[in-house]
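Encoded as C-alpha cells, the structure appears first; notes follow it.
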Amino acid sequence: MGDVKELHRRWCIADSHADSLMWNRDLCERSTEGHVDFPRLREAGVKLQCFTLVTRGFPFIGGFPLFAAWRKWPREARGGEWARALWQIERLDAFCARSGDTVRVATTGAGLEDNLAHGRLSAVL
C-alpha cells in the first residue's frame, strides 16, 4: 500500500470525467453517494479532476429539465442549456471558494502548476 501512496504523492494523478455537478451534491462534504467529492479526492492523492457540464440528454433526450427538477435544481437553473451550464459552473466556483483553498479551478497551465506547487486539487471543466 505504501508504494501506491508514494506514486500518488509524486505524480499528478488525474481523473478525466466526473458528472458530480449534475447531481446537486455538496462536493466539500464527504458523501456515500456518487464517486467524487473533495475530501475523498484529496485522500486518494488525485491532483486534477475534470468535471463535466451536463445540460441535455439525461436520462433521455429532452428529459433533462425533469431530471433537474427531481434533483432539486433551482428554477432559474432549469430554463435552458445555457442556464444549466452556468449554474454548474457557479456551483463549482462556490465549492472551490469554500474548500479552504485546498481546491481551485485551473483554467491555464500556469494555474495547474501553481495548484500543484501549493498542494491544491485542480478542478477543470
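The values are calculated or read from the model by the stated rules, or taken from the named source; none is laboratory data. None of these values were measured; they are calculated from a predicted model. Cβ sites come from the backbone with ideal geometry, for glycine too, and all protein chains shown count toward neighbours. These accessible areas exclude ligands, DNA and RNA; they are computed on the full protein's heavy atoms, side chains included. Shrake-Rupley method; radii C 1.70, N 1.55, O 1.52, S 1.80 Å.
Regarding region 93-102, can at least one residue be identified that is modelled with pLDDT under 95, open to solvent by 30 Å² or more (accessible area, probe 1.4 Å) and under 15 Å from the mean Cα position of the chain (by Cα)?
First, pick out the residues of region 93-102 that are modelled with pLDDT under 95: none.
Taking every residue of region 93-102 in turn, none turns out to be modelled with pLDDT under 95, open to solvent by 30 Å² or more (accessible area, probe 1.4 Å) and under 15 Å from the mean Cα position of the chain (by Cα).
Is it the case that region 22-39 has a residue that's of a type in the set (Ser, Thr, Tyr) and surrounded by 15 or more Cβ atoms within 10 Å (Cβ to Cβ)? Working first, answer last.
Let us first name the residues in region 22-39 that are of a type in the set (Ser, Thr, Tyr), namely 31-32.
Subset that is surrounded by 15 or more Cβ atoms within 10 Å (Cβ to Cβ): 31.
Yes - at least one qualifying residue is present in region 22-39.
Regarding region 42-54, can at least one residue be identified that is among the small types (Gly, Ala, Ser), assigned to a loop (DSSP other than H, G, I, E, B) and open to solvent by 40 Å² or more (accessible area, probe 1.4 Å)?
Keep residues of region 42-54 that are among the small types (Gly, Ala, Ser), which gives 44-45.
Now restrict to residues that are assigned to a loop (DSSP other than H, G, I, E, B): 45.
Remaining after also requiring open to solvent by 40 Å² or more (accessible area, probe 1.4 Å): none.
The answer is no; no qualifying residue exists.
Taking only region 80-99 into account, find how many residues are outside any helix (DSSP H, G or I) and closer than 30 Å to Leu112 by Cβ. Break it down stepwise before answering.
First pass over region 80-99, keeping only residues outside any helix (DSSP H, G or I): 80, 99.
Subset that is closer than 30 Å to Leu112 by Cβ: 99.
Adding up the residues that qualify gives 1.
Does Phe51 qualify as being modelled with pLDDT under 95 and either over 15 Å from the mean Cα position of the chain (by Cα) or of a type in the set (Phe, Trp, Tyr) (or both)? Working first, answer last.
Numbers: modelled with pLDDT under 95: no; either over 15 Å from the mean Cα position of the chain (by Cα) or of a type in the set (Phe, Trp, Tyr) (or both): yes.
Against the criterion (modelled with pLDDT under 95 and either over 15 Å from the mean Cα position of the chain (by Cα) or of a type in the set (Phe, Trp, Tyr) (or both)), Phe51 does not qualify.
Could you list, ordered by first residue, the pairs with Cβ atoms under 6 Å in which the first is in region 100-125 and more than 20 Å from Thr52 (Cβ to Cβ) and in a loop (DSSP other than H, G, I, E, B) and the second is at pLDDT 95 or above and charged (D, E, K, R), at least 6 apart or interchain?
Close Cβ pairs (under 6 Å, with a partner that is at pLDDT 95 or above and charged (D, E, K, R)) amount to Thr102/Arg120; Arg120/Arg104.
Any idea how many residues of region 40-92 are of a type in the set (D, E, K, R) and free of Cβ contacts under 8 Å to residues at least 12 places away in the same chain?
First pass over region 40-92, keeping only residues of a type in the set (D, E, K, R): 40, 42-43, 47, 56, 71-72, 75-76, 78, 81, 84, 90-91.
In the following step, the residues that additionally are free of Cβ contacts under 8 Å to residues at least 12 places away in the same chain were identified as 40, 43, 75-76, 90.
Adding up the residues that qualify gives 5.
So, Ala77, is that one touching a strand residue (DSSP E or B) at 6+ places or on another chain (Cβ under 7 Å), among the small types (Gly, Ala, Ser) and either part of a helix (DSSP H, G or I) or modelled with pLDDT of 90 or more (or both) or not? Please lay out each step first, then the result.
On the way: touching a strand residue (DSSP E or B) at 6+ places or on another chain (Cβ under 7 Å): no; among the small types (Gly, Ala, Ser): yes; either part of a helix (DSSP H, G or I) or modelled with pLDDT of 90 or more (or both): yes.
Taking the combined requirement at face value, the residue does not satisfy it.
Within the group Val105, Val54, which residue is aliphatic (A, V, I, L, M) and in contact with a Cys (Cβ under 6 Å, 6 or more places away or on another chain)?
Working: Val54 fails: in contact with a Cys (Cβ under 6 Å, 6 or more places away or on another chain).
Selected residue: Val105, the only one of Val105, Val54 that is aliphatic (A, V, I, L, M) and in contact with a Cys (Cβ under 6 Å, 6 or more places away or on another chain).
Among Ile89, Ile61, which is the only one that is more than 13 Å from the chain's Cα centre (by Cα) and of a type outside the set (Phe, Trp, Tyr)? Break it down into steps so the answer makes sense when it comes.
Values: Ile89 fails: more than 13 Å from the chain's Cα centre (by Cα).
Being more than 13 Å from the chain's Cα centre (by Cα) and of a type outside the set (Phe, Trp, Tyr) holds for just one of Ile89, Ile61, which is Ile61.
So the check is Cβ under 8 Å with 6+ separation or different chains; which pairs have a first residue in region 15-39 that's more than 16 Å from Cys96 (Cβ to Cβ) and a second one that's among the aromatic types (Phe, Trp, Tyr) and open to solvent by 40 Å² or more (accessible area, probe 1.4 Å)?
Close Cβ pairs satisfying both conditions: Met22/Phe58; Glu33/Trp23; Gly34/Trp23.
Would you mind finding the one in Leu112, Leu121 that is surrounded by 14 or more Cβ atoms within 10 Å (Cβ to Cβ), in contact with a Phe, Trp or Tyr (Cβ under 8 Å, 6 or more places away or on another chain) and under 18 Å from Ser16 (Cα atoms)?
Working: Leu112 fails: in contact with a Phe, Trp or Tyr (Cβ under 8 Å, 6 or more places away or on another chain).
Criteria check complete, one pass: Leu121.
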